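A.B. asks: Got a structure here, written out as structure tokens. Questions coming.
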Amino acid sequence: MDTLIAIIIIFGVLVAVHEWGHLYFAKKAGILCREFAIGFGPKIFSTKRNETLYTVRLLPLGGYVRMAGEEPEQVQIKPGYEVGLVWNEAGKVKEIIVNNKSKHPEAKVVSVERIDLDKQLFIEAYTDDEEELQRFDVDDACNMIVDEKPEQIAPYHRQFGSKKPGPKFLTIFAGPAMNFILAFVLFMTFALINGVPTEEASMGELVDGSPAQEAGLAEGDEVNAVDGQQVDTWQEMTAVIQQNPGEPVPFEIVRDGQEQTITVEPDSVYDEMAEQEIGQIGVNAPAPEHSFLGSIEYGATSVVNVATLIFQVLSTILTGQFSLDDLAGPVGIYNATGEVASLGILVLVQWAAMLSVNLGIVNLLPLPALDGGRLIFIGLEAIRRKPIDPQKEGMVHLLGFALLILLMLAVTWNDINRFFL
């Protein structure tokens, strides 16, 4: 249950931040965003604010921002249709009642002759009390009401496709970019709380009952010399310790500004890689440094390091070393998250940051249906100075989505075989 809760929270935050990036820049560009959804499937929560329906759905496997113009309008009114019209104070149509008109006595029923809800925003229709054709202006925030459910119309200037390549690029790129920013914030938060890992010769957390603890060393002690040899880094200090298994070793340290010498007898441990006995005193790592600027640097370098590692794995596709067994799907991530959660909340924060970097990079891959694939089409539009046929682009993305689903099923089956069979 703890693992399930951790997964839901982590993926909820990663997806929400990603989709919020799309939403924010879409709204800045004037694009009508119909829905901001976390998860897929049936709605379990919804609320509407500033034209957008915010929903939480049952399956926490992703999310989306439904922008006007990305899919055909569900309802098309054609000549001869009878609809009900309701006007606002400015004399423009604010509601178009498509059916169940008897439930709206305030609406005036008309027979549509011509209608343009895309660019000119008008309805030409006949009414019962006028023999001549009447023309009515339509408000650009007019609601189309079908089965008592209102949905705002999307004039062309509010659609994704009407925007220039620049705003469209920012709208799509903002999703992955927000994942990188989130990862930076999470890594920085970890460093602020836990401290920034260093390579200094110092005592970090001591193992209970270890030779270091029993001899009187303490966390935060700065080590100047070990066995008479000056040491400046963690590697130099541990090298001297490993060379003296089971032998008393003097440590020259600085504690609270005072120099002192403490003798420690390292345990003798057999190292299978070195095939010999080595010394260990029971210190896990150097003492971390607590610094705001250091935390910023740690956050930035950690994002770069994780991204570099992911790109190295992706490069195996080009070298032919790639295998589906190297990928982890939802089941694999679930199991890994359970193991990480058992190590504590701070380790879980680092894990969430790494997943956020991974989500950002994967979404930027130039594959159809992903943000990277959409950016490719926007780039082609900028070069050609005219958009790609929306139907052709839609077919490419649909095919890409189908292939991604097949890949996810294959990876998930591998995960099940790996962990449960």
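The values are calculated or read from the model by the stated rules, or taken from the named source; none is laboratory data. It should be emphasised that the depicted structure is a prediction, and the values quoted were computed from it without experimental measurement. Heads up, the Cβs are rebuilt from the backbone with ideal geometry, glycines too, and the neighbour counts pull from every protein chain shown. Just the protein is used for accessible areas: all its heavy atoms, side chains included, with ligands, DNA and RNA removed. Shrake-Rupley method; radii C 1.70, N 1.55, O 1.52, S 1.80 Å.
A.B. asks: Please work out which one of (1) in contact (Cβ under 8 Å) with a residue 40 or more places away in the chain; (2) over 23 Å from G30 (Cα atoms) is the condition E124 fails and give its number.
C.D. replies: E124 satisfies every listed condition except (1).
A.B. asks: Taking the stretch 296-329 on its own, how many of its residues are closer than 30 Å to V196 by Cβ, open to solvent by less than 40 Å² (accessible area, probe 1.4 Å) and at pLDDT below 80?
C.D. replies: Qualifying residue count, the stretch 296-329: 0.
A.B. asks: Here are some conditions: (1) part of a loop (DSSP other than H, G, I, E, B); (2) surrounded by 19 or more Cβ atoms within 10 Å (Cβ to Cβ). I77 meets all but one. Which one does it not meet?
C.D. replies: I77 satisfies every listed condition except (2).
A.B. asks: Name the single residue that is modelled with the lowest pLDDT among those in the stretch 63-88 being hydrophobic (A, V, I, L, M, F, W, C) and closer than 30 Å to S102 by Cα.
C.D. replies: V75
A.B. asks: Shifting gears a bit: Considering only residues that are more than 28 Å from D118 (Cα to Cα) and in contact with a Pro (Cβ under 9 Å, 6 or more places away or on another chain), look in the stretch 29-60 and name the one that is modelled with the lowest pLDDT.
C.D. replies: Result: L59.
A.B. asks: If you go through the stretch 19-40 one residue at a time, how many are open to solvent by 40 Å² or more (accessible area, probe 1.4 Å), touching a residue at least 40 places away in the same chain (Cβ under 8 Å) and either touching a strand residue (DSSP E or B) at 6+ places or on another chain (Cβ under 9 Å) or among the acidic types (D, E) (or both)?
C.D. replies: 1
A.B. asks: Within the group G41, G30, which residue is of a type outside the set (D, E) and part of a strand (DSSP E or B)?
C.D. replies: Selected residue: G41, the only one of G41, G30 that is of a type outside the set (D, E) and part of a strand (DSSP E or B).
A.B. asks: Moving to a separate point now. What helices (runs of 4 or more DSSP H), lying completely within the stretch 325-399, carry at least 2 residues that are among the hydrophobic types (A, V, I, L, M, F, W, C), under 21 Å from G69 (Cα atoms) and free of Cβ contacts under 8 Å to residues at least 12 places away in the same chain?
C.D. replies: Where helices (runs of 4 or more DSSP H) fall fully within the stretch 325-399 and carry at least 2 residues being among the hydrophobic types (A, V, I, L, M, F, W, C), under 21 Å from G69 (Cα atoms) and free of Cβ contacts under 8 Å to residues at least 12 places away in the same chain, they are 371-384.
A.B. asks: Within the stretch 151-169, is even one residue open to solvent by less than 70 Å² (accessible area, probe 1.4 Å), β-branched (V, I, T), part of a helix (DSSP H, G or I) and touching a residue at least 24 places away in the same chain (Cβ under 8 Å)?
C.D. replies: Checked against the condition, which is being open to solvent by less than 70 Å² (accessible area, probe 1.4 Å), β-branched (V, I, T), part of a helix (DSSP H, G or I) and touching a residue at least 24 places away in the same chain (Cβ under 8 Å), the stretch 151-169 yields no hits at all.
A.B. asks: Any residue in the stretch 133-142 that is out of contact with any helix residue (DSSP H, G or I) (no Cβ under 7 Å at 6 or more places or on another chain), among the aliphatic types (A, V, I, L, M) and modelled with pLDDT of 95 or more?
C.D. replies: Within the stretch 133-142 (the criterion being out of contact with any helix residue (DSSP H, G or I) (no Cβ under 7 Å at 6 or more places or on another chain), among the aliphatic types (A, V, I, L, M) and modelled with pLDDT of 95 or more), the answer is yes, since at least one residue qualifies.
A.B. asks: Something else now. Tell me, which residue of the stretch 263-284 that is of a type in the set (A, V, I, L, M, F, W, C) and either surrounded by 13 or more Cβ atoms within 10 Å (Cβ to Cβ) or at pLDDT 85 or above (or both) is farthest from V223 (Cα to Cα)?
C.D. replies: Taking the candidates together, the pick is V269.
A.B. asks: For the stretch 41-65, what are the residues that are under 24 Å from I153 (Cα atoms) and in contact (Cβ under 8 Å) with a residue 24 or more places away in the chain?
C.D. replies: E51, T52, G63, Y64, V65
A.B. asks: Sticking with this structure for a sec: Could you list all residues from the stretch 184-223 that are crowded, with 16+ Cβ neighbours inside 10 Å and either of a type in the set (F, W, Y) or on the phi > 0 side of the Ramachandran plot (or both)?
C.D. replies: Passing the criteria: F184, F187, F190, G195.
A.B. asks: Given (1) assigned to a loop (DSSP other than H, G, I, E, B); (2) at pLDDT 95 or above, where does M178 come up short, assuming only one miss?
C.D. replies: Looking at each condition in turn, M178 falls short on (1).
A.B. asks: Now for a different question. Only residues in the stretch 230-256 that are open to solvent by 60 Å² or more (accessible area, probe 1.4 Å) count as the first member; pair them with residues that are among the small types (G, A, S) and not in a loop (DSSP other than H, G, I, E, B), Cβ under 6 angstrom, at least 6 apart or cross-chain, and list the lot.
C.D. replies: Every condition considered, the pairs that remain are Q242/G279; E252/A225.
A.B. asks: Tally up the residues in the stretch 330-369 that are open to solvent by 50 Å² or more (accessible area, probe 1.4 Å) and at pLDDT below 85, please.
C.D. replies: Residues in the stretch 330-369 being open to solvent by 50 Å² or more (accessible area, probe 1.4 Å) and at pLDDT below 85: 5 in total.
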